[in-house]
Amino acid sequence: MIEIEDVSRYFGSNAAVESLSLTVERGSIVTLVGTSGSGKSTLLRMINRLIEPTSGAIRIEGRDTSTIPGEELRRGIGYVIQGYGLFPHWTVKRNIATVPHLLKWDAARIDKRVEELLLLFGLDPDLYAQKFPHELSGGQQQRVGVARALAAEPSVLLMDEPFGALDPIIRAKAREDLLALQRRLGVTVVLVTHDMEEAIALGDRIAVMDRGRLLQYGSPAEILTRPAPGFVERLVGDSERPFRLLSLTRVGAVAEPGETAGPAISESASLREALSELITRGAESLAVVNHEGAPCGRVALSAILERAQLRP
Amino acid sequence: MSGPGLIARAAALALLLALILKPDLFKPVFEPLTENDAPAIYNQGSLFDLTLDHLALVAASSFIAAILAVAAGVFVTRDAGAEFLPLSRSVAHIGQTFPPVAVLALAVPAVGFGVKPTMIALVLYGLLPIFENTIAGLRQVPPTTLEAADGMGMSAWRRLLSVELPLALPVILAGVRVSVVINLGTATIGSTVAAKGLGEVIIAGLNTSNTAFVLQGGVIVALLAILIYDALGFVERQAARRSGRATI
């Protein structure tokens, strides 16, 4: 759990972050979203004290971070940045081993951990361990960047626009991978993005920031259905809003008993996908199957449209 | 390394070794340049010993210059040293613009004749390329790499030693290479204040109007410079490859 309590940061007389309080539940993903200059990256960097707060307190698992030496604190927190910042003169293996090395793990333990992580990220250790960053594709570099951040098994992972340098197709896949990984490891993630779409896709909760202040903090559904007046409303209030709302709900949640002819849709698909399918086929309802392919009812267009209405 | 390049290098090395080990072989070449039956081949000492002295002088002065310049370059690129950048830069530039001969003239009264004043002149003369390249090399390390190093919890020292300097090394070495080659030539003036070196051959030639001596000394110094420049270039490319930029 990360508790941010009344934290401010001034650069000269300019407030980058102003008396901001926020609690990130253990094992959840919080996305910090805002335009550039909103203070979101400054807030992120105050968590691992790359930037020191001017006032206020930040506690991780109950420990006040200001009582821990900065370098020690950062070794215990995963950190991923846009462009990854892989060390170009080190192999993939050495890059991933950065923090374990700083923590003086023995060689055997480091070897084992690196191999474990490479497998976890779908990179064959025999092929990739000895490669240099410039020999990797963008998507592979991104994965190595995340693997490096997770090497010493931190309980908190900070990510600053981690997908910003990826092309859109790989980006969608990278987001899914991150979600799956986070569910599996249970790590607490704070992720900075300027993209509302990304914030909604990834966040258990979303913190919307503007000019150093926290405007709204809530679940994606809350942000979409009850945006705070002004900035947040403008941020989510475009024509995409009902579709974003639909993308939050799984087909399984609105399926009803009954049968419908034609190809079926998985219950784990989003309502947005189901709607798109219905429009394409010009149908009124779709058959639903579970993840084993067995039929488990139908989903009606009217039920989907009801969900798209902007109410809590 | 390509075939013709290898042959050219081997030929230059063979010529150099022949010139310093078997200078008499070149008597027919240098003879037409002499007048009044003056000797065609330098006869006041072993060319081989003079070459070693010359190299030792250049190596020692370049080493000292490299240590000072890299240390200064590192210091002025830290937050704490940033305000010393203009001052250090001025000192390095003065070192470069002040003629080595003038440095010798000023240093001799202070430290006497011999190797000492020559070392002072060469160190001062060699500082600038290494200093400027150290700064340039450290500044071209990508900011994301530095931020990652900090974010991983590296200390400032650790970051400098295991990230910044290795990544800046190819550029720093390029500065060392320029500095060494400049000093290979400049070291010849050391002989005017009795430092042992190949300058003796040239100065002996100038004093006796013996063009053969001048040319002999000059050719040896030139060959040394070419071969060392080339060898250091090879080291530099290896370093560049190791810093993960195979394309340089």
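Only the coordinates and a few stated rules stand behind these numbers; no lab work does. This is a predicted model, so every value here is computed, not measured. Heads up, the Cβs are rebuilt from the backbone with ideal geometry, glycines too, and the neighbour counts pull from every protein chain shown.
Here are some notes:
- Shielding score for A:80-87, defined as the mean number of other chain Cβ atoms within 10 Å: 6
- For A:Asp160, distant residues with modelled amide H under 5 Å away: A:Val80, A:Ile81, A:Gln82, A:Val192
- Principal-axis analysis of the Cα atoms of chain A puts helix A:138-150 at an angle of about 60° to the longest axis.
- Neighbour-limited loop hits for GluC sites (Glu not before Pro), the stretch A:257-312 (at most 14 other Cβ within 10 Å; DSSP other than H, G, I, E, B): A:Glu259, A:Glu284, A:Glu292
- Rounded to the nearest 0.05, the FRET efficiency derived from the C-beta distance between B:Leu15 and B:Arg241 at R0 = 51 Å is 0.95.
- Fraction of the pair-distance distribution of chain B above 26 Å, Cα-Cα pairs, percent: 50 percent
- Tilt relative to chain A, helix A:271-281 - C-alpha long axis, 0 to 90 degrees, to 10: 40 degrees
- For peptide B:150-162, the mean count of partner chain Cβ atoms within 10 Å of a residue's Cβ comes to 6.
- With R₀ fixed at 51 Å, the C-beta to C-beta distance from A:Glu52 to B:Phe234 puts the FRET efficiency at about 0.65.
- Whole-number Å³ per residue for the convex hull built on Cα positions in the stretch A:2-238: 126 Å³
- In the stretch A:2-238, taking the dipole from charged Cβ atoms about the Cα centre, the farthest positive-side position among A:Pro168, A:Leu117, A:Leu32 is held by A:Leu117.
- Proximal lysine pairs, the protein assembly as shown, alpha carbons under 26 Å, eight or more residues apart or interchain: 12
- The calculated P(r) of the protein assembly as shown, using every Cα pair and 20 Å bins from 0, goes 17, 35, 25, 15, 7, 1, 0 in percent.
- Other protein chain C-beta atoms within 10 Å of residue C-beta, averaged over A:68-75: 3.
- When DSSP beta bridges are restricted to pairs lying wholly in the stretch A:244-307, around 65% turn out antiparallel.
- Span-rule helices in chain B, defined as complete DSSP H runs reaching 24 Å or more along the axis (Cα) with Kyte mean at least 0.5: B:3-21, B:47-76, B:115-139, B:165-186, B:211-242
- A simple packing score, the average count of other Cβ atoms within 10 Å per residue, orders the peptides A:174-184, A:37-47 as A:37-47, A:174-184, with the highest score first.
- Close amide H pairs (under 5 Å, H built 1.01 Å from N) link A:Gln216 with A:Val208, residues at least 5 positions away or on another chain.
- Of the beta bridges in the stretch A:2-238, as assigned by DSSP with both residues counted there, near 50 percent are antiparallel.
- Pair-distance profile P(r), taking every C-alpha pair of the stretch A:168-212, with 10 angstrom steps and integer %: 23, 55, 20, 2
- Förster radius 45 Å - calculated FRET efficiency between B:Leu106 and B:Ala8, Cβ distance, rounded to 0.05: 0.60
- Exposed loop sites, defined as trypsin sites (Lys or Arg not before Pro) outside DSSP H, G, I, E and B with at most 16 other Cβ atoms within 10 Å, are absent from the longest region of chain B, namely B:79-244.
- Nearest 10 degrees, 0 to 90: helix A:168-185 Cα axis against chain A principal axis: 80 degrees
- DSSP beta bridges in the protein assembly as shown [antiparallel fraction, %, rounded to 5]: 55 percent
- Its residue count N sets the reference 2.2 N^0.38 Å, and the alpha-carbon radius of gyration of the stretch A:244-307 equals 0.95 times that reference.
- Restriction of the trypsin sites (Lys or Arg not before Pro) in the stretch A:87-150 to DSSP coil positions whose beta-carbon has at most 10 other beta-carbons within 10 angstrom yields A:Lys104.
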